[in-house]
Amino acid sequence: MQKLKLYGFNNLTKSLSFCIYDICYANTNDSRNSYISYIDEQYNAIRLTKILKKTCSIIGANVLNIFHQDYEPQGASVTILVCEEPINLDKINILNKNIISSSVLAHLDKSHICVHTYPESHPQSGICTFRADIEVSTCGIISPLNALNYLIHQLESDIVTIEYRVRGFTRDIHGIKHFIDHKISSIQNFMSNDIKSTYDMVDVNVYQENIFHTRMLLREFNLKNYLFNINVDDLEGSEQSYIINLLWREMREIYYGRNISMQEFNL
């Protein structure tokens, strides 16, 4: 494919945002607290930093600065400032000494990757939900779409909502504005076949605004994969049906983005 010849720098901003959900059933307060502790450890700031650094490598971005933080009682955040150009090590040393303010750094390099986690549980039903929000925002030639499959595989989840948006414009050598610099009709264009076969998906795209949205729901449902500290064989048939209904209702409420009554769900 012939590259677009630009006048100066590529000023398009490309943002890829994820909401990733993991659902679980824990039938006691101790089990719910144990689940939250377990998931909080699985997705602690150190592990998330490794995932985001690998993401930088995949999209071809250079890491300028990393901030990560675990929270009490739970949750974690990681923010990585990146750039497209080769790194000037002398400049990085100065930045790490805080001689240049963070606002100037953000203004100069424009691109970042961040993640925030939110483990929580329902106070009565036993449903536990873990959510991770990820944003990969780049300016220039590097594309966050290159890391799409890696991030989905690393954060295996029941429901995923993804938004990709291209903002601004760049000019070619003739002065003509270009509001997007690559072909895309759906985020699914950039997904691997194994991911497509694993999830049911629906798109909501606004092409004239270069906004692309995809929602994903895991196709196969096996109750034993959703029980925390519970053996499925120890549950009566009626208990299994009750828990399955709770889990499926929770997953569909998240997938469709609205509350669903039990009467509506049973229809």
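The values are calculated or read from the model by the stated rules, or taken from the named source; none is laboratory data. Treat the numbers as computed from the prediction; the structure is a model and nothing was measured. Quick reminder, even Gly has a Cβ in these numbers, built from the backbone with ideal geometry, and neighbours come from all protein chains shown. Surface areas here come from the heavy atoms of the whole protein model, side chains and all, with no ligands, DNA or RNA. Shrake-Rupley method; radii C 1.70, N 1.55, O 1.52, S 1.80 Å.
Quick rundown of the values:
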{"quantity": "Complete set of residues in the range 14-42 that are β-branched (Val, Ile, Thr), surrounded by 16 or more Cβ atoms within 10 Å (Cβ to Cβ) and modelled with pLDDT under 90", "calculated": "ILE36, ILE39"}
{"quantity": "Matching option when the condition is assigned to a helix (DSSP H, G or I), within 27 Å of the chain's Cα centre (by Cα) and acidic (Asp, Glu), among GLU239, GLU253", "calculated": "GLU253"}
{"quantity": "Unmet criterion (only one of (1) under 19 Å from GLY126 (Cα atoms); (2) in a helix (DSSP H, G or I); (3) at pLDDT below 90) for GLN263", "calculated": "(1)"}
{"quantity": "Test result for LEU217, open to solvent by less than 50 Å² (accessible area, probe 1.4 Å), more than 30 Å from GLY168 (Cβ to Cβ) and not in a helix (DSSP H, G or I)", "calculated": "yes"}
{"quantity": "Where SER197 falls short, out of the listed (1) within 30 Å of VAL166 (Cα to Cα); (2) part of a loop (DSSP other than H, G, I, E, B); (3) not aliphatic (A, V, I, L, M)", "calculated": "(2)"}
{"quantity": "Unmet requirement for ILE195, which otherwise passes all of (1) at pLDDT 95 or above; (2) open to solvent by 10 Å² or more (accessible area, probe 1.4 Å)", "calculated": "(2)"}
{"quantity": "The range 7-66 - residue that is in a helix (DSSP H, G or I) and of a type in the set (Asp, Glu) and, of those, farthest from VAL160 (Cα to Cα)", "calculated": "ASP30"}
{"quantity": "The range 123-142: number of residues that are under 18 Å from THR13 (Cβ atoms) and open to solvent by 20 Å² or more (accessible area, probe 1.4 Å)", "calculated": "2"}
{"quantity": "Residue list for the range 223-236, filter: part of a loop (DSSP other than H, G, I, E, B) and open to solvent by 30 Å² or more (accessible area, probe 1.4 Å)", "calculated": "PHE228, ASN229, ILE230, ASN231, GLU236"}
